Every structure is written in C-alpha cells, then in structure tokens.
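The values are calculated or read from the model by the stated rules, or taken from the named source; none is laboratory data. No experiment lies behind these values; they were computed from the predicted model shown. Note that each Cβ is placed from the backbone with ideal geometry, even for glycine, and that neighbours are counted across all protein chains shown.
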Amino acid sequence: MLTRIISGAVGVVIMAVVLYFHDTIVLPIAVAFIIAVMLYELLRAVNMHKCTPVLIASEICGIVTPFIHAVSGVTYTDYAGGSKLPYSAIKLDIGLINYFVSFAVTLLCAFVIFVTWLKKHKEIRYEQVFFVLAVMILVPQAMSAIIRIHNFSEKEGLFLLIMGLCGAWIADTGAYFSGVALGKHKLCPEISPKKTVEGFIGGILTTGIVYAVAFCVYAGGFDLRTALFAFIMGAVCAVIGTVGDLSASMVKRQIGFKDYGTIMPGHGGLMDRFDSVLFVLPTFYAFIVIFSLL
C-alpha cells in the first residue's frame, strides 16, 4: 500500500509540473512519452515488442502524432510574408497540411508493418498485426486529444484539459466509494470482480455533479444550461470511461496479464492508469466542440 501511495504521489507531482508548463513544448513531449509507453505495453501484451521493425514503426506513428496536433493549434500572427488572409483561412490551411502529414506518417508506418508481416509470416499471426494497427491509430489519436482540448481555447484551455483528464478519475473515485458503501450487485464479475452496479451508478452521478459544479463556478455563477450540459457530459464520460476500463481489463484477462507494465509500482503500467482516459478524452473533446459550454 505504501508503494502504491508513493508511486501515485510521484505521478501527481509529475502531472502538476507538466500542467504548469502547459503552454510550452513540455505538454506534447509528455503526451508523446505517455503514448510511447502505452504502445510498448500493448505490443508486449501480444508479444510483438521484440519485433523491432513493427515496434519502431508503431512508436514513430505514436510519438509524431501529438506534435502534429500541437502545430495545428499554434496561433500565427503573420502568414506568407504579410498575407491579409483571415485567421480562419490560415488555421484551415495549417490544419489540412497537418491532416495530410498525419495520414502519410500513419500510412508509411502501416506499410512497414505489412512488409514485416510478409517477411515473417510464419512467425507473426494476422491477429497480432491487426491488433498493432488498431492500437497504433487509436492510442495516439485518442491521447492527442489532450493537445486538441488544450488548444481549443486560449483562455479556458488549461481548465478544460484538467476536466478532461479528471473525467475518468472522478468516475473511478465515485464508483469506488459508492461500491464500498452500497455495492451488492456485480457489474461484470468475469472481467472486473470488484465493480458493482451501485458503484457504476455512483460514478456516473459523482462525475455529473462535479462537472456541473466545476463548470458553473468557472463560468462565474449558476446557469441552468451550463449545469445541465455539464452534468450530461460528465455522466456520458463516466459511462465511456467504464467501457474503456472494462475493455482494457478484458484484454488482460484473455492474455493472462495482471498489469500491462511496471512503470508505476503498485499501479501497473500507463495503460492501467490511462485505459479509461483513452476513451474519455475524445468524448470530452466532442462535447466541448459541439456544445461550447464556456
């Protein structure tokens, strides 16, 4: 227990430092590091981490992605030597370029993986290949939502980023205490024996309430529309986060792993800590883009 507490405290300190330097290159570097570790842990889960070409290709695709998103969010005060184009046109142009760069990098890395598969088809099975391709796309794009959320608003970016990251963890905390106090009915006993229906509902309500309060306080006072949409967003994020957590747990059970890694003693790997976040971040980003709560 002491190891788990110390490890968690160190993680919180590191996260606080990264958030303090959120307006610098530290943020995309931190996201790239998290993605790289998560991809390694997932490739290790299907015994592909020792296949060097596949590992390098997937890691390159993962590490490059947050930097591409970071460049997309840069504010340009000058363009093409003093062009009078409006900022919207500039942003669209930069966004299109980065979209094609991201597509090209992903396609090239996938090509390397397929060529490696052809050369080692007696050693590598198709399930492994398509698993690698799936996580190579899912993990970088989902985790790079951190950059997109941060760059969504120059003024509220940090607040939105904190809320997005906390979405899954608030649900976990609420579910834990609700489950301990009221839990009687198992949610998915074969996948996660400790999760209960009561804890699941408690996590949803806790996240919705915390979101409603936090967004109203940040906005400067109670507003019914803000509170309602924030509650709904928190509740949906809690549900999506639970699905992500259970999905990652199911993979571990099917391959016979206890934890994805050991980078955080007492907690496991980064996949063990960010499995629910992986699903929550894109959901949160979609909500703030569609509803513009602030």
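What the table shows:
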item: Condition met for residue 258 (exposed (fewer than 15 other Cβ atoms within 10 Å of the Cβ), over 24 Å from residue 139 (Cα atoms) and either in contact with a strand residue (DSSP E or B) (Cβ under 6 Å, 6 or more places away or on another chain) or not small (Gly, Ala, Ser) (or both)); result: no
item: Leading residue by the ranking (surrounded by the fewest Cβ atoms within 10 Å (Cβ to Cβ)) among those in the range 16-39 that are without any contact (Cβ under 8 Å) to a residue 24 or more places away in the chain and closer than 19 Å to residue 262 by Cα; result: 33
item: Residue 195 surrounded by 21 or more Cβ atoms within 10 Å (Cβ to Cβ) and more than 18 Å from the chain's Cα centre (by Cα); result: yes
item: Test: residue in the range 221-243 that is assigned to a helix (DSSP H, G or I), in contact with a strand residue (DSSP E or B) (Cβ under 9 Å, 6 or more places away or on another chain) and in contact (Cβ under 8 Å) with a residue 24 or more places away in the chain; result: yes
item: Flag if residue 178 is closer than 30 Å to residue 61 by Cα, of a type outside the set (D, E, K, R) and surrounded by fewer than 23 Cβ atoms within 10 Å (Cβ to Cβ); result: no
item: Residue count for the range 42-59, restricted to those that are in contact with a Ser or Thr (Cβ under 6 Å, 6 or more places away or on another chain) and either outside any helix (DSSP H, G or I) or surrounded by 17 or more Cβ atoms within 10 Å (Cβ to Cβ) (or both); result: 1
item: The listed residue being over 29 Å from residue 202 (Cβ atoms), more than 14 Å from the chain's Cα centre (by Cα) and among the hydrophobic types (A, V, I, L, M, F, W, C), out of 159, 130; result: 130
item: Test for residue 234: is it surrounded by 17 or more Cβ atoms within 10 Å (Cβ to Cβ) and closer than 26 Å to residue 289 by Cα; result: yes
item: Qualifying residue in the range 88-101 (condition: under 20 Å from residue 25 (Cα atoms), modelled with pLDDT under 95 and in contact with a Gly (Cβ under 8 Å, 6 or more places away or on another chain)); result: no
